[in-house]
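Participant: Please see the structure below; I have some questions.
The values are calculated or read from the model by the stated rules, or taken from the named source; none is laboratory data. As the structure is a computational prediction, the values presented were derived from the model and not from experiment. A quick note on method: Cβ atoms are made from the backbone with ideal geometry, for glycine too, and the neighbour counts reach across all protein chains shown.
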Amino acid sequence: MWRLLRPDSATVWQDDEVVARLNWYYSVMTDRKPAKYLICKRVEVEFSGEEELEELWALHDKAANSFKELWTKVREGLKLEEVDAPSKSLLDLKVELVKRMLKSCMFCERRCSVDRSRGETGFCKLDSLSRVSTWFHHYGEEAPLVPSGTIFFTSCNFRCQFCQNWDISTDPLNGVEVTPRKLASIASTLRREGCRNINYVGGEPTPNLHVIVESLRYMEVNVPILWNSNMYCSLETMKILRELVDIWLPDFKYYSDECAERLSKVPRYFEVVSRNHLMAHESGDMIIRHLVLPNHLECCTKPLLEWIAKNLPRALVNIMAQYRPEHVVAREPHRFPEIARRPTLEEMKEAYATARRLGIIYEPVS
Ligand code: SF4
């Protein structure tokens with residue numbers, strides 16, 4: 001059916017550049033290769049759970065190297081069935097690590113250090129429970145991703161004054177509670193129904209890292225894992241995700257920290273988000289989303305596209321034109337006059353022209 005609703009989701013694969021840049025994702029999507037989380041389950045790690053945190057991270061770093069070796073062999077043709085399943089795996093170690101991280105939460109760079117396992121809450125207002133507001137086959141995502149098995153988590157670690165999903169991003173209780181087993185069941189069903197990937201989004205998926213990672217323990221279905229995030233993850237979270245995510249769908253909104261602080265209430269935006277994009281680019285396929293904000297071409301869009309062209313040459317970029325004033329900006333436009341309108345056609349043309357000049361591939365996914 002999706003070929004009727006979104007014919008570009010089929011024709012996009014006739015583009016050699018897209019196939020080359022999303023090669024790993026395509027292999028998993030078409031069941032030619034196993035998803036990275038399934039490879040993680042075959043990487044042996046010996047640990048008891050009594051170890052100190054530093055010791056667990058040292059074991060994790062070592063196992064991440066073993067993962068790399070196995071992943072290379074799988075890409076070269078090794079079948080995962082030929083590798084014995086260990087009694088404890090890299091995925092089990094990641095589950096243990098995220099449980100520890102939850103006790104002094106450092107999932108994102110806000111590093112609230114609250115013990116969410118005991119009901120404390122930080123900036124995202126979430127305790128240890130995760131809630132999803134909805135999940136469905138998403139036909140509005142980029143062509144290579146459609147239909148996307150999208151799961152919307154509540155709450156967020158940003159406060160974008162123009163948020164288009166503010167009903168779920170600002171209200172952590174706006175959804176149904178999901179345990180790791182329930183989440184695994186939702187994801188497996190979405191794949192069996194024909195979704196090309198499992199798309200963890202929100203709000204923001206990062207505060208729900210512990211439930212997402214543990215859910216993979218209860219899944220066996222082969223499906224690309226997609227991380228659809230504002231990318232304000234901590235370094236530790238990126239290390240957890242690196243061996244699990246098959247395709248990244250990160251937002252890259254701002255080049256200017258002043259704009260990020262004022263419009264999304266986020267400190268150190270560029271330092272954190274650029275670091276995480278670099279790590280993601282090294283570890284998997286990616287489609288970057290850049291939402292063009294009115295009057296932000298010179299401070300954000302143009303220098304950001306320059307940076308992407310220079311530092312993330314394999315990434316596809318979706319230059320998004322759909323900004324509209326929402327949430328606080330719609331209610332109080334006088335506080336944010338420069339973004340209290342949609343981007344003009346001229347602004348969008350300028351953004352596209354900049355991307356073309358820099359050799360950024362954006363048309364197939366826009
Ligand atoms: S996920 Fe981020 S915002 Fe939420 S408690 Fe943890 S560190 Fe704070």
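Participant: Does CYS112 count as out of contact with any strand residue (DSSP E or B) (no Cβ under 6 Å at 6 or more places or on another chain), within 24 Å of LYS265 (Cβ to Cβ) and free of Cβ contacts under 8 Å to residues at least 24 places away in the same chain?
Facilitator: Yes: the conditions hold for CYS112.
Participant: Of all residues in region 209-244, how many are more than 16 Å from the ligand (Cβ to nearest atom) and surrounded by fewer than 20 Cβ atoms within 10 Å (Cβ to Cβ)?
Facilitator: 6
Residues checked against (1) within 20 Å of CYS163 (Cβ to Cβ); (2) aromatic (Phe, Trp, Tyr); (3) outside any helix (DSSP H, G or I):
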site: VAL272; (1), (2), (3): yes, no, no
site: ARG289; (1), (2), (3): yes, no, yes
site: CYS300; (1), (2), (3): yes, no, no
site: PRO303; (1), (2), (3): no, no, no
site: HIS334; (1), (2), (3): yes, no, no
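Participant: Turning to a different aspect of this structure: Could you grab me the full set of residues in region 107-125 that are outside any loop (DSSP other than H, G, I, E, B) and near the ligand (Cβ under 7 Å from one of its atoms)?
Facilitator: Of everything in region 107-125, those that are outside any loop (DSSP other than H, G, I, E, B) and near the ligand (Cβ under 7 Å from one of its atoms) turn out to be CYS108, ARG116.
Participant: Another one. Among (1) out of contact with any Pro (no Cβ under 9 Å at 6 or more places or on another chain); (2) surrounded by fewer than 19 Cβ atoms within 10 Å (Cβ to Cβ); (3) modelled with pLDDT of 95 or more, which single condition is GLY49 missing?
Facilitator: All conditions are met except number (3).
Participant: List the helices (runs of 4 or more DSSP H) inside region 1-81, counting only whole elements, that have at least 3 residues being under 21 Å from LEU244 (Cβ atoms). Steps first, answer last, please.
Facilitator: Values: elements: 2-5, 8-11, 16-21, 23-29, 36-40, 53-76.
Answer list for region 1-81: 23-29, 36-40, 53-76.
Participant: Keeping to region 50-73, report how many residues are over 23 Å from the mean Cα position of the chain (by Cα) and hydrophobic (A, V, I, L, M, F, W, C).
Facilitator: Residues flagged as over 23 Å from the mean Cα position of the chain (by Cα) and hydrophobic (A, V, I, L, M, F, W, C) within region 50-73 amount to 5.
Participant: If you don't mind, another one. Which residue, of ILE247, ILE288, is surrounded by 24 or more Cβ atoms within 10 Å (Cβ to Cβ), β-branched (Val, Ile, Thr) and closer than 24 Å to PRO34 by Cβ? Steps first, answer last, please.
Facilitator: Details: ILE288 fails: closer than 24 Å to PRO34 by Cβ.
Only one candidate qualifies: ILE247.
Participant: Evaluate region 257-269: report whether one residue or more is within 18 Å of the chain's Cα centre (by Cα), modelled with pLDDT of 95 or more and over 18 Å from GLN161 (Cα atoms).
Facilitator: Checked against the condition, which is being within 18 Å of the chain's Cα centre (by Cα), modelled with pLDDT of 95 or more and over 18 Å from GLN161 (Cα atoms), region 257-269 yields no hits at all.
Participant: Let me ask another. Could you pull out the residue among ALA330, ALA309, ALA315, ALA280 that is closer than 30 Å to PRO224 by Cβ, modelled with pLDDT of 95 or more, surrounded by fewer than 20 Cβ atoms within 10 Å (Cβ to Cβ) and small (Gly, Ala, Ser)?
Facilitator: Result: ALA309 is the single residue among ALA330, ALA309, ALA315, ALA280 that is closer than 30 Å to PRO224 by Cβ, modelled with pLDDT of 95 or more, surrounded by fewer than 20 Cβ atoms within 10 Å (Cβ to Cβ) and small (Gly, Ala, Ser).
Participant: Separate question: Please tell me if SER117 is over 30 Å from ARG3 (Cβ atoms), touching a residue at least 40 places away in the same chain (Cβ under 8 Å) and of a type in the set (Ser, Thr, Tyr).
Facilitator: No: the conditions fail for SER117.
Participant: Here's something else I'd like to know. Here are some residues: LYS94, LYS68. Which one is closer than 23 Å to SER188 by Cα, in contact with an Asp or Glu (Cβ under 9 Å, 6 or more places away or on another chain) and not hydrophobic (A, V, I, L, M, F, W, C)? First the steps, then the outcome.
Facilitator: Values: LYS68 fails: closer than 23 Å to SER188 by Cα.
Being closer than 23 Å to SER188 by Cα, in contact with an Asp or Glu (Cβ under 9 Å, 6 or more places away or on another chain) and not hydrophobic (A, V, I, L, M, F, W, C) holds for just one of LYS94, LYS68, which is LYS94.
Participant: Counting only residues that are without any contact (Cβ under 8 Å) to a residue 60 or more places away in the chain and not in a loop (DSSP other than H, G, I, E, B), how many does region 85-104 have?
Facilitator: In the first step, residues of region 85-104 are kept if they are without any contact (Cβ under 8 Å) to a residue 60 or more places away in the chain; the result is 85-89, 93, 96, 100, 103-104.
Now restrict to residues that are not in a loop (DSSP other than H, G, I, E, B): 89, 93, 96, 100, 103.
Number satisfying all stated conditions: 5.
Participant: Does ASP246 satisfy the condition of being under 26 Å from ARG110 (Cβ atoms) and touching a helix residue (DSSP H, G or I) at 6+ places or on another chain (Cβ under 9 Å)?
Facilitator: No.
Participant: Determine, yes or no, whether TYR200 is part of a loop (DSSP other than H, G, I, E, B), of a type outside the set (Lys, Arg) and touching a residue at least 24 places away in the same chain (Cβ under 8 Å).
Facilitator: When the stated conditions are applied, TYR200 does not pass them.
Participant: Hey, another quick one. If you scan region 144-177, which residues turn out to be within 21 Å of ALA321 (Cβ to Cβ), at pLDDT 95 or above and away from the ligand (no atom under 16 Å from the Cβ)?
Facilitator: Of everything in region 144-177, those that are within 21 Å of ALA321 (Cβ to Cβ), at pLDDT 95 or above and away from the ligand (no atom under 16 Å from the Cβ) turn out to be PRO144, LEU145, VAL146, SER148, THR150, GLN161, PHE162.
Participant: Among the residues of region 260-267, are any of a type in the set (Gly, Ala, Ser), outside any strand (DSSP E or B) and touching a helix residue (DSSP H, G or I) at 6+ places or on another chain (Cβ under 6 Å)?
Facilitator: The answer is yes, given that some residue of region 260-267 is of a type in the set (Gly, Ala, Ser), outside any strand (DSSP E or B) and touching a helix residue (DSSP H, G or I) at 6+ places or on another chain (Cβ under 6 Å).
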